[in-house]
């Protein structure tokens with residue numbers, strides 16, 4: 001089982017999660033010297049509630065302990081991707097064309113590590129086009145994006161609190 005911890009965990013947990021009628025949205029591992037966090041994001045057409053997250057955690061926890069993929073102590077977190085969801089794949093990103101996203105880059109472009117703006121297009125060859133608030137239209141290889149998140153949009157409220 002070669003690959004990153006995320007890939008190894010995905011290989012182990014995906015069939016278990018899918019057997020419970022839910023899909024894996026993504027997996028993140030934050031390593032630490034004495035303690036790490038393994039986040040498993042799940043999604044379904046009907047949404048995900050706390051009970052479903054708990055059920056899945058009860059199934060994943062012993063499976064992960066048995067497989068022993070992670071050596072330091074770690075905390076397992078199972079949750080929905082949320083409104084500010086991370087976009088783990090190009091396929092996921094395609095569903096958010098026209099929406100506002102934040103992207104953190106591995107290698108800076110035009111001196112910028114972070115972009116925020118409208119996701120305008122995903123090309124066939126894996127380029128993500130973002131109309132950045134500061135730099136205008138930027139074309140970035142999805143491979144150069146370390147984290148991309150959807151920026152939640154809330155309806156404007158006419159009863160805004162006045163500052164002062």
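The values are calculated or read from the model by the stated rules, or taken from the named source; none is laboratory data. In this text, all values refer to a predicted model and were calculated from it rather than measured experimentally. Cβ sites come from the backbone with ideal geometry, for glycine too, and all protein chains shown count toward neighbours.
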### Task
Only residues that are farther than 17 Å from residue 53 by Cα and surrounded by 16 or more Cβ atoms within 10 Å (Cβ to Cβ): list them for the stretch 13-30, please.
29
### Message
Out of everything in the stretch 55-83 that is at pLDDT below 95, part of a helix (DSSP H, G or I) and out of contact with any helix residue (DSSP H, G or I) (no Cβ under 6 Å at 6 or more places or on another chain), what residue ends up being surrounded by the most Cβ atoms within 10 Å (Cβ to Cβ)?
### Response
65
### Summary
From the option list 135, 141, single residue qualifying as within 26 Å of residue 27 (Cβ to Cβ) and out of contact with any helix residue (DSSP H, G or I) (no Cβ under 8 Å at 6 or more places or on another chain) is 141
### Message
Being within 26 Å of residue 144 (Cβ to Cβ) and at pLDDT 95 or above is true for just one of 12, 87. Which residue is that?
### Response
87
### Query
What are the residues in the stretch 31-44 that are exposed (fewer than 13 other Cβ atoms within 10 Å of the Cβ) and either closer than 11 Å to residue 80 by Cβ or touching a strand residue (DSSP E or B) at 6+ places or on another chain (Cβ under 7 Å) (or both), if any?
35
